[in-house]
Structures are given as C-alpha cells and as structure tokens.
Amino acid sequence: MEASGTWASLLGGADEEVEALLVVEDRAGHTEARITPHYDRNWIITTLAEAGMTPVAIGQILGQRDLKTITEVYMRATQAKTTSILAEVGKTLDKSAKDELKAKRREKDHQRKTS
C-alpha cells in the first residue's frame, strides 16, 4: 500500500506507523477520514476528563502547561457523558424540589396546628 493522504503528509513519509495506520483506515472503510495525530490527544484528554481527572492533572501527564489549550482545543464532551451528567443533575433538582415541597407542607401543617 502506498503511503499517501493525510498520514503521509503529516508525518512526512511512508514509515511503518503510517503504513499501519493506512491499513487500519482501509480495513475500517475510512479511507477518506481526516484523522490526525491530534485525534489521539482529543480522545485521551476527553477520556481522562470524563473519568474525573482535572485539567491540571491531565496537563501534567501530557506535558501540556496551557490549560486553555487542554480545555478549548483538545477536550470534547461526548454525548453519552453529557446525557449521563444531565440526568444526574435532573435527579438532584427533582430531589431538591421534592424536599422543598415537603418542607413547605410541614410548615403549613405546623401553622395549621398552632393556629
């Protein structure tokens, strides 16, 4: 297989890694995909963040000091994690609303008993 396209131009030639990546892309049917070396950085930073690691800790692991680059360039939000977090927030809000409603009912009951 000839090393051409995105990987060859980014990495500067037909070395073994480029060849292996081209084979994998071809097998997956993604010969037109624009996958760059930064794709791995996006993936690992997003995965670590979703696991609860702070941007500072991620930067220390990857040797990236600029937190803005980590959070604005590489970090992404996956749909599954976004949905999961929003569901948890919804549960918390529901519980808070229910607790508030119970407190108001108790207060009204108390006022009725004392009047």
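So, of the residues in the range 76-115 that are of a type outside the set (D, E, K, R) and not in a helix (DSSP H, G or I), which turns out to be surrounded by the fewest Cβ atoms within 10 Å (Cβ to Cβ)? Explain how you work it out, then say what you get.
Let us first name the residues in the range 76-115 that are of a type outside the set (D, E, K, R), namely 77-80, 82-87, 89-90, 92-93, 96-97, 101, 103, 110-111, 114-115.
Cutting the leftovers down to not in a helix (DSSP H, G or I) gives us 77-78, 115.
Working: 77: 11, 78: 13, 115: 5.
Across the range 76-115, the extreme among qualifying residues is 115.
Let's see how each residue does on (1) modelled with pLDDT of 90 or more; (2) part of a helix (DSSP H, G or I); (3) of a type in the set (Asp, Glu); (4) touching a Leu at 6+ places or on another chain (Cβ under 6 Å):
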position: 23; (1), (2), (3), (4): no, yes, no, no
position: 26; (1), (2), (3), (4): no, yes, yes, no
position: 30; (1), (2), (3), (4): no, no, no, no
position: 38; (1), (2), (3), (4): no, yes, no, no
position: 41; (1), (2), (3), (4): no, yes, no, no
position: 44; (1), (2), (3), (4): no, yes, no, no
position: 47; (1), (2), (3), (4): no, yes, no, no
position: 57; (1), (2), (3), (4): yes, yes, no, no
position: 61; (1), (2), (3), (4): no, yes, no, no
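The values are calculated or read from the model by the stated rules, or taken from the named source; none is laboratory data. In this text the structure is predicted, and so the values were computed from the model without any measurement. Methodologically, a virtual Cβ is constructed for each residue, glycine included, from the backbone with ideal geometry; neighbour enumeration extends over all protein chains shown.
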